[in-house]
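Heads up: the structure comes next, in structure tokens.
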Amino acid sequence: MNKKIGSTENTKKILENNNFFIKKKFGQNFLIDQNILNNIVDNAEIDNETDVIEIGPGLGSLTEIIASRAKRVLCYEIDSDLIPILNNNLNDFNNINILNQDILKSNVVEDIKKYFPDSKKVYLIANLPYYITTPIILSLLEQTTSIRRYVMMMQLEVADRICSKPDVKDYNALSIAIQYRAKATKVMTISSNVFIPKPGVDSAVIRLDLYNEIEEKANDEEFFFKLIRNSFAQRRKTLVNNLTNAGINKNKVIEVLNELKLDLSIRSEALSVLDFVRLSNLLSK
Ligand code: SAM
């Protein structure tokens, strides 16, 4: 059933036959390497009981591989010009639903109930549109815990930030916001040569596995997420200065850092996710 949509030859043919002009504004870079496409899906470890959400199916190159291994696939594609092409390319499958929708304006929780009734597990696999990588991930993590695993291709730089550990230059509020809920692993780095058109940046695939139980929960998650954003507002400043600038009482910050046995000159990048949770719980009391 696999037509190998994502090969150089087939991709060029599909674009030409459909008179399709690639839209940069939608972050359209189509993958043309079957090994990488297969590798992405391998990393998700899906079986015929897995339901998969795909964002931005494009021409359907990842979709056909996912559909041949998963139970059901639900795709969100913003570009209406791609819908007839997808329907045609994927017409051998009866387990795919394609929604012509902006993922950022979709109610994924309702869609999971509607399209995956009685689901055993829901995963997400995507070669993301790079211009909205961070909002997509943060919005999905916030909306639902039903998606237990995410395997996603994105810009290398963002992948490094998401997976980074304390004391590394890439570690920031995004690393903490995501690692609070999930184990983040970079699974491969990918050169820009395997796309049509070539993106101006290198790419990487990461995997997020949601924790069954968060080790220590923030009592007030809204405060926690605001606190981490404020803590990294100015990297060269100490944590005390960043938090004071954000309007938190300096004496309170000092008292809490002492209680946590953290140095008063500490910078935000030295704190672990757990340190931030504890800091947040004491400050929000
Ligand atoms: N999956 C295909 C592949 O790997 O070749 C295409 C990936 S391409 C990097 C990103 C895809 O996301 C494009 O098809 C684009 O039209 C779609 N897209 C862009 N913004 C979107 C949005 N807000 N919601 C849903 N899809 C979007």
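Just so you know, all these numbers are worked out from the coordinates, no wet-lab data involved. As the structure is a computational prediction, the values presented were derived from the model and not from experiment. Here the Cβ is made from the backbone with ideal geometry for all residues, glycine too, and neighbour counts use every protein chain on show.
Rounded to the nearest 5, the antiparallel percentage of DSSP beta bridges internal to the chain is 45%. Each Lys and Arg Cβ is given +1 and each Asp and Glu Cβ -1; about its Cα centre, the chain then shows a dipole of about 620 debye.
Please work out how much length the chain gains when fully extended from Asn100 to Ile254, using 0.36 nm per residue of separation minus the C-alpha to C-alpha distance, in nm with one decimal. Before the final figure, lay out the partial values.
On the way: separation 154, 0.36 × 154 = 55.44 nm, distance 5.14 nm.
Computed gain between Asn100 and Ile254 is 50.3 nm.
Backbone phi angles across the range 74-82, fed through the Karplus curve with coefficients 6.51, -1.76 and 1.60 (θ = phi - 60°), yield HN-Hα couplings of 10, 10, 10, 10, 6, 8, 5, 5, 7 Hz in residue order; Gly and Pro are listed as x.
Relative to the longest principal axis of the chain, what angle (0 to 90°, nearest 10) does the C-alpha long axis of helix 8-17 take? It works out to around 70 degrees. Scalar couplings 3J(HN,Hα) for the range 199-211, obtained by applying the Karplus form with A = 6.51, B = -1.76, C = 1.60 to θ = phi - 60°, are x, x, 9, 7, 10, 8, 10, 10, 10, 10, 10, 5, 5 Hz; x denotes Gly and Pro. For the pair the range 155-229 / the range 97-127, the C-alpha centres are spaced 22 Å from each other. Close amide H partners of Thr50, meaning residues 5 or more places away or on another chain with modelled amide H under 5 Å apart, are Lys71.
The convex hull drawn around the Cα atoms of the chain, when projected onto a plane and averaged over every direction, covers 15.4 nm². With neighbours defined as other Cβ atoms within 10 Å of a residue's Cβ, the residues Asp102, Asp51 order from fewest to most as Asp102, Asp51.
In the chain, the longest principal axis of the Cα atoms and the axis of helix 133-143 are about 80 degrees apart. Per the Debye formula on identical point scatterers at the alpha carbon atoms of the range 68-225, with no solvent, log10 I(q)/I(0) at q = 0.09, 0.14, 0.16 Å⁻¹ is -0.33, -0.81, -1.05. Rounded to whole numbers, the Karplus 3J(HN,Hα) couplings from phi for the range 99-116 are 9, 7, 9, 7, 4, 6, 10, 9, 9, 5, 4, 5, 5, 4, 4, 6, 8, 10 Hz, using 6.51 cos²θ - 1.76 cosθ + 1.60 with θ = phi - 60°, and x at Gly and Pro.
In this simple spin-label approximation, Val109 and Lys217 carry label points 7 Å from Cα along the Cα→Cβ vector, and these lie 1.5 nm apart. A cut-off of 5 Å between modelled amide H atoms, ignoring neighbours fewer than 5 places along the same chain, links Val187 with Val205, Ile206, Arg207. Listed from fewest to most Cβ neighbours within 10 Å, the set Ser191, Ser119 follows the order Ser191, Ser119. Among the listed pairs Lys4/Lys165; Lys183/Lys285; Lys105/Lys252; Lys183/Lys226; Lys169/Lys198, those whose Cα-Cα separation exceeds 32 Å are Lys4/Lys165; Lys105/Lys252. The calculated FRET efficiency for the pair Asp263 and Lys186, based on their C-beta separation and a Förster distance of 45 Å, comes to about 0.90. Near the amide H of Leu124, within less than 5 Å, lie the amide hydrogens of Ile53, Arg149, Tyr150, Val151, all on another chain or at least 5 residues away, with H placed in the peptide plane.
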